[in-house]
Structure formats: C-alpha cells, structure tokens
Amino acid sequence: MFKKYIFLTLCFLSFISCAQNKVTLYSKQHNIAPKISIPLAADILVTNAANDFNTKFKTITGQSLQIERSNSLNKNSNYILLRVNPTQRDAFCVYKRDRNITIQGKSAQDLQYAISDFFKRYTNLTYDLLENTSVDFDVDEEIEIPEVFNHCSSPTFAYREPYYAPNFNPDFRAWNKTNYLELEWGIWGHNLPKILKDYKLPETAYAKVGKKRVESQFCFTSDSLLKYTKESVKRIYDSDHALNKFMILPNDNSLVCTCETCTAIGNTSKDAAPAVFSFMNKLAESNRKATFFTTAYVTVKSVPKFKPEPNTGLFYSTIAIQKGIPIEKSKYFEKFEADIKKWRNYLQNVYVWDYTVNFDNYFDIYPTLKVTQENLKLYQRLGVNGVFLHGSEYNYSTFQKLKASILAKLLWNPNLDIQKEVTDYFNAKYSKKLAEVLGNYYNFITDAFYLSNKELSIYSGIHETAKKYLDPKVYFAFYDEFDTHTQANKFDKDYLKIATALTFLRLEIMRDYGFGKYGFANFSTDNEIIVKNEAAILLDNLTAYSKSAKLDTYNEVGYQLKDYIESWRKTIYRNHKKKNYFYKKPFEIISKMDEDYTNTKALNDGAFGLKDYNTNWHIASIDDLTLKIDKKSIQKSEKITFTFLQDIKHNIFFPSSIEIKDEKLKTIKRVRLPLDDIKLDTKEVTIELPNSFDRKDLPDTFIVKISKSTIEGKNALACDEIIFN
C-alpha cells in the first residue's frame, strides 16, 4: 500500500511539475501576446522573416502581432527576437531562457527555416493549414510553450532538393527547408547551347573530332567559347545574385574534342574531363561568388592532374545504378564508393543526382523512402554535400506530397523513423479511418520495396513493379477498402488524384495478368475470352477521377490518360467473346532473341500491350521474329491475328511482312505491310490461314516469320498477342 501511495504521489508531482513548466505565449481571453523584434538596421530579408512569422501566427490565432524595429526592448513586453548571426555554428537556433524567445539563423534563409521549426514544435500549425488558408478551422485562443527550451539544428547536406511539384511552392520550401533549382541555378543541365544561341560562335568553339569540327559538341579550350560563356554568366548573375550556381556540361553525346590544346591539357578520345575542368577553373576565377559544376556523365570520367578552384564542383548521377535497392547492398557499390571518394578527394563540392520515381509510370507508387534513406546515409558517410532527388517534376506522381515532404526531412536529417513520418503525414491530412488505411498500406509496401532484392529501375513496366512490391492480392484488398472512402472525399482534389493513380495501377495489374483472378478477363473452357464487367467500371472511374482531378498524363514522355482509356476500351471490346486457340499453347522461337527478351510468354499469355513498349511486348531488334508451331495445337483455327507497336522515338516500327512457311522454309503465304509514318500507335493485322480451298494446306508443323521494317538504320519490331481463332 505504501509503495502504491509513493507511486501516485510521484505521478501527481510529475504532473504538477510539467504544468509549472508551461508558460502562456498567447491568450485571447487574457490579452496576452508577444511582440516581434527585429534590429533597427534589419534588411529586407529579415523584415520578410518577421512578416512570415506574423502570417503563420495569424493563421492559427486570427491575430497579428506588432513588429518593433529597434535595438532595445521594452522590459514590460514579451518578445520574439528574430536575428541573423553569420558567426554561429549551427544553421539555426531557437531558445527561451527568460521571458523572451530568440529565433536566430546563420543566414536570412536559415532564419526562415527556424521560424517554421518553431511553429512545428510549439504550435498546432501544419503545412496543410498554410496551404489551405481558405478552409475553415477553429483558431487557437491560447498557446502554451515550455518555460525553457533550447534547440539548434544544421542540415546533413548543404544542397537539398526533392524535385516534385510541391517543392515549387515557396511556402513548402520554407516549411521543409529545401532548395529550388529555378531560383539558384543560372545554368542547369545541358543548357550551355541555349545561353550561347545569340552569339555567332566561330568554328574553333566546336569540338574537333578526327580531322573535322562538329557543331554537336564544344571545344572547352576555345578562347571564344570561354569569352561568350563568361559574358553570359555575368549577365545572368548580375540579373539576380541568387543565381549563383552554373552547370557546365558537354553536350549529351560521346564526342570529345581532341584538338591540340585539348589533347595537351589531357583530353583523350573518350574523356573530356581535363578540358571541362580547365574551362570551369577559368570561369571560377572570374566570379568567386558563384560555383561551377559539371557531371560525372558520359565523357567526364577521370580526375584531372591539375588543382581545381574551390568554387567548382561535380554532380554524380545514379541513373545507371538506381535499381530500387540500397546502393551499399547492390553490385554497383564498390565502383560507386570508389568514384565518390575519387571526386571527393579532388573537389570540395560533390553532389549526387538521385532518382525517386518510375519515369515510365508516374502512377507507380515506387515507395522508395527507406531505400533513399539508406542511400542518403551512405552519401553522408562518403562526404557528399548536396543531393538532388529527381522526382516527377511538374507532373503528378502517386503520393507526391508525402514523398516530397518526407524526402525533404531526410535530406536535412536521414536518421528519421520512416514509419512514424508516414503515419503522422496521413493522420494530419485525412480522417482517422482513411489515414489508417493509407498509412498501413504505404508502410507495408515501403517495407516490401526495401526488403525485396529484385531490381526495379526508374524505367520499368508494371510486370517488374508487381514482382518487386505490388502484390495483387494485397493491393486489390487495399484498393477496395480505399474505394469505400471515395464518396466522402469526392470534392477533395488530392484524394481524387490518388484515386486516379490507384485506379490506373489496378487496371495495369489486370492488363499484366491477362486472364484469371487478377486479370481483366476470364478464359472459358471452350477457348473464349470473357471480359470482366469490373474492367469497364474501373475505366469509367478512371475517366471520372482524372477529369475531376485535372490529370492528363501519366509518364515522363506525356502519354495521355484519355488515349490510355480509349486503347483499353478498344482492346477489351474487340476481344470480348473472341476465340483464342493459341492461349498458352507451346511454340518455339527459332530466330535470335534479344538478351532482355528471351521470355516469349508475352506472345500468347492473354496480356495485351498498349503504347508503352515495356509492358507485354516481345521486342526483336537483332533478328526477325520467327516462330515454329504445331498445327494440332491450333486445329480449329481459321485465321491469325497479330498486334504490333510502332514507337519511332524508341526505334520500334511496324513489320514489313508476315510469312507462313513449311519446315523447309518454302513460303505458303505472304502478306506485305506498307510503311507507316505514324509516330506512336498499335496495329492489329489479321490473315487467313491456308486451307484446302486454295490448295495449300497448312502442314503439321509450320513457320510464322515476321520480318522487321525495311527502314534503314536501327530498328526493332514489337509483337504482342498472337491469337489463332
């Protein structure tokens, strides 16, 4: 009994102590409110920070605070002191030791971050409230804060950018402490030709390859190129001193200048790094307030033998090694580690250009948070000081606000609890039940993605996605539960965007599975394709959701949702109740097959292809496509139907002819197909099988040869379902 009494007493004293440690920052009832103090000589940036604090304060209380510009304080007032101290160690500090609160940044930008940090820690303000100020909510009539606190923070990486549309919003960047290339980079990517387009460059400004000068690449030891680039950099920097980073890249090809001066400085026929760094050094010497970067990409390979200027740097792209597996656990680790160490020993500024979406399908959830977290920890250990996380840019990708928000936090501090961050995000945004549905599923697939050792590149089809983490049984159950909340959220644009993406994904899984439980159709005992009603309903929903959410495209190249829906409808209506005597029947391919396309199931597995070449298409580029088939397997058939893809951008063309031959390769029937100049489309071709009427009976074993296009140069053919009916 005595122990119980002691325990209760301690609990009570603890409660009283906690209560005594709170003080009132603001009370509407008691007319308590602090003032904002900025120095008398505060510049426009500190003034803006004061206004920002006021805006945030008014958002949650409905009341503005008085801003005092003075170097002294009234002893009878409580203050929020906003200060910039370039000499402090940390990026920002927020502390309260007496009656006043000090919010101090190393720079004006850091001060803005500190203000956001204060509101996150000590008030009920969320980014959703800032973003949706038109939404009605109950204002706080009282704010209590700890009597004493002291918190300082610095980022893991100096440059932090999650390249998603939410990050384009200045409020998002201030809240999440991120950078934005449009405001900081005077030249980005392969845009050197763009800024030089108004100059008439002499022939010597271009690369000498062999004995000729070629305008598709630059000579980076050219005095003229240096002169005009310096002028352009000065013009850009003088227009806005915030534009203090410049990317100097060779054009996106494998050409390297091997003129006398480039060769003398160290260029080889495959490595332009010496000339590029020499060029950057000269730019860096002429503008010490700017930093000049190149990328370790294609022709920038070796570390030059001369010393770099301190205001130069390098981006290292992970495009070739980002496979949905932590780099440290992948086969690419040793080379990556060696490369980063090599460049880090040479340069002060080494940034990583990383990737966090599937560019072939922005609606692929691609839940890479834990993988990215592991990679960020690796980058930190290797001394990387900047990270650009390439997302879906201006386009929508599934759960992009969640990804952008949590990635931003990880860029500041990689040692976060991902599961908690995901759960907190959904709890702050949705009803309790919907938040639980979304949070549980997102955390589940995040773990599944992280734990899977299967590679999933940033250009992948739904088949690879499903193998990596998107189990159809779990996904369909989640989708059905999610769908029960649609009526209650039918006016929520963010919800409708998610609904669009998730419906698209369900259709993609059904398309990939073809027939059966998770497919778009069933296959009857009499060899007939029966399309499910569910497919039509989902297509109607996708149409409605995408229209309400104002979503038009679903991948990097801008494929249209309306075309996707139309292609789906045409395909299922065309195939409904169609006989298919060739479904999963054995056959042999006797032509040479491409290394990545040795699985021939795509030709008769019931799964159809649309305009994206990486889903359900069998591609042949090194040879024509030739099949050997036994007649008995398609005994009742009268015709063959083929589906082909033309995607000129990826050098895929409709075939030139289809032939039926006997085993001795004697032609029984040939159909020539005309050249077609359409850039992107599918085509269905049907031919009658030979029979006794035309005196050319189909032999017991026959050959079907599909010949590639006769167009000159690199070309491939893509064939989908071959249906005998």
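Couple of notes before you dig in:
- Cross-link pairs exceeding 21 Å in C-alpha to C-alpha distance, out of K323/K708; K323/K493; K468/K708; K592/K714, comprise K323/K708; K323/K493; K468/K708.
- Segment K307-K562, extension gain: residue separation times 0.36 nm, minus the distance between their alpha carbons: 86.3 nm
- Shape call, region 284-397: gyration tensor on alpha carbons, a/c limit 1.5: prolate
- Measuring between alpha carbons in the structure, the pairs from K282/K649; K331/K584; K579/K661 lying more than 31 angstrom apart are K282/K649; K331/K584.
- Cα-derived Rg over Rh, computed across region 174-281 with Rh taken as Kirkwood radius: 1.03
- For region 176-329: relative contact order, % (alpha-carbon pairs under 8 angstrom, 6 or more apart): 21
- Listed cross-link partners K562/K611; K683/K705; K230/K335 are compared with a 23 Å cut-off, the Cα-Cα value being larger for K230/K335.
- Alpha carbon centroid spacing (whole Å) that separates region 158-206 from region 483-527: 38
- For the pair F137 and D540, label points projected 7 Å from Cα toward Cβ lie 3.7 nm apart.
- DSSP beta bridges confined to the chain are antiparallel in about 60 percent of cases.
- Local charge for A536 was computed over the other residues whose Cβ lies under 15 Å away, with Lys and Arg +1 and Asp and Glu -1, and equals +4.
- Gyration tensor over alpha-carbon atoms, region 17-154, equivalent ellipsoid semi-axes in Å: 22, 18, 16
- Sequence-separation-based contact order of region 87-204, relative, with Cα cut under 8 Å and 6+ spacing, percent: 25
- Sorting the Cα pairs of region 588-724 by distance into bins of 5 Å, from 0 upward, gives 2, 10, 21, 24, 21, 13, 7, 3, 0 percent per bin.
- Relative contact order %, the chain, counting alpha carbon pairs below 8 Å whose residues are six or more apart: 8
- Prolate/oblate/rounded label for the chain (Cα gyration tensor, a/c 1.5): oblate
- Dimensionless Rg over Rh [region 78-222; C-alpha; Kirkwood]: 1.22
Laboratory data are not the source of any read-out in this text; all were calculated from the coordinates shown. Keep in mind that what you see is a predicted model, and the values were worked out from it rather than measured. Here the Cβ is made from the backbone with ideal geometry for all residues, glycine too, and neighbour counts use every protein chain on show.
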